[in-house]
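These notes concern the structure reproduced below.
A short reminder: the numbers here are calculations on the coordinates, not readings from a lab. Please read all numbers here as calculations on a predicted model, not as lab measurements. Please note: Cβ atoms are built from the backbone with ideal geometry, for glycine as well, and neighbour counts cover all protein chains shown.
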C-alpha cells in the first residue's frame with residue numbers, strides 16, 4: 001500500500017504545473033517536447049500530449065503512470081512499452097515532423113519550433129494552453145516554457161517519450177534502407193562509428209547537409 005501511495009504521489013508532483021493551469025480554467029493542457037536536435041541524420045520529431053482534465057482517477061491510478069519520466073532516463077524497451085500507456089490515458093496525442101532537408105532549409109531553431117507547432121496543430125482537440133520544454137512557440141495560445149520541463153511535468157515527459165520512440169522507429173527504418181551507417185544503433189547521432197561511416201561513404205539522403213561533417217565539403221575516402 002505504501003509503495004502504491006508513493007507512486008501516486010510521484011504522478012501528482014509531476015502534475016504541479018498542469019494543476020495550476022487547470023485550476024485557472026484551462027481545461028485542455030498540451031505538454032510538448034521534441035527530440036533529435038543534435039543528430040546528424042534523420043528528422044526532428046515533436047509530440048504533443050493532452051492529459052485528461054484534472055487527471056482523472058482512472059488515469060492517475062493506471063499501474064504504469066508512475067513510470068512516465070523524461071525519456072532520456074528510460075531504457076528503450078521501457079519507452080516503447082509506455083507509448084500505448086500514454087495513448088490510453090491521454091485525451092489526445094499528436095506528432096509533428098521536420099525532415100532533414102527541410103531542417104537544412106529553415107535552420108535548426110526554426111525547425112525545432114515548426115515541429116512543435118505541427119504536433120500541436122495535429123491534435124484532434126484544440127488545447128487551451130501549452131507546457132513546453134525550455135521554450136515557447138509561435139502559436140496564439142497561452143504557453144509556459146519550463147526549464148527541464150520533461151523532468152518536472154508529466155505531460156511534457158509523456159510527450160518526450162512519444163517523440164523519442166517515434167523518431168527511433170523512423171531511424172530503424174532508415175537503417176533498413178541503408179545499412180552502411182548503423183542508424184539502428186545510434187539513431188543518427190554523431191557516434192564514432194557514425195563519423196567513420198561518413199568518412200567512408202559520405203552523407204546519404206537522410207543526413208543533414210547543414211551539419212558538419214555532412215555538408216558538401218564531406219569527402220569520401
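Relative to the longest principal axis of the C-alpha atoms of the chain, give the angle of the C-alpha long axis of helix 192-201, reported between 0 and 90° and rounded to the nearest 10°.
Value to nearest ten degrees: 40.
Please list the radius of gyration and Dmax for the stretch 2-174, considering alpha-carbon atoms only, with Å as the unit.
That works out to 15.2, 53 Å for Rg and Dmax.
What's the extension gain from residue 135 to residue 122 if we count 0.36 nm per residue and subtract their Cα-Cα distance?
Net length gain for the segment: 2.7 nm.
If each residue of separation counts as 0.36 nm, what is the full-extension length gain between residue 201 and residue 178 once their alpha-carbon separation is subtracted?
7.2 nm
On C-alpha positions alone, give me the angle between the axis of helix 2-13 and the longest principal axis of the chain, in degrees, nearest 10.
70 degrees
Ranked highest first by average number of other Cβ atoms within 10 Å, how do 110-116, 95-101, 177-183 line up?
Highest-to-lowest ranking by the protection proxy: 110-116, 95-101, 177-183.
From Cα pairs below 8 angstrom and at least 6 apart in sequence, can you work out the relative contact order of the stretch 2-174, rounded to a whole percent?
35 percent
Report, in degrees rounded to the nearest 10, the 0 to 90 angle that the Cα long axis of helix 154-177 makes with the longest principal axis of the chain.
Rounded to the nearest ten degrees, it is 30.
Compute the Rg to Rh ratio over the stretch 79-219 from the alpha carbon atoms, using the Kirkwood formula for Rh, and round to two decimal places.
For the stretch 79-219, the value is 1.01.
Could you state the orientation-averaged shadow area of the convex hull built on the Cα atoms of the stretch 57-98, in nm² to one decimal?
Answer in nm², one decimal: 3.6.
So what's the back-of-envelope 222 nm ellipticity for the chain, counting only DSSP H runs of four-plus at -39500 (n - 2.57) apiece and dividing by all residues, rounded to 500?
Roughly -13500 deg cm²/dmol at 222 nm, from the helical runs in the chain.
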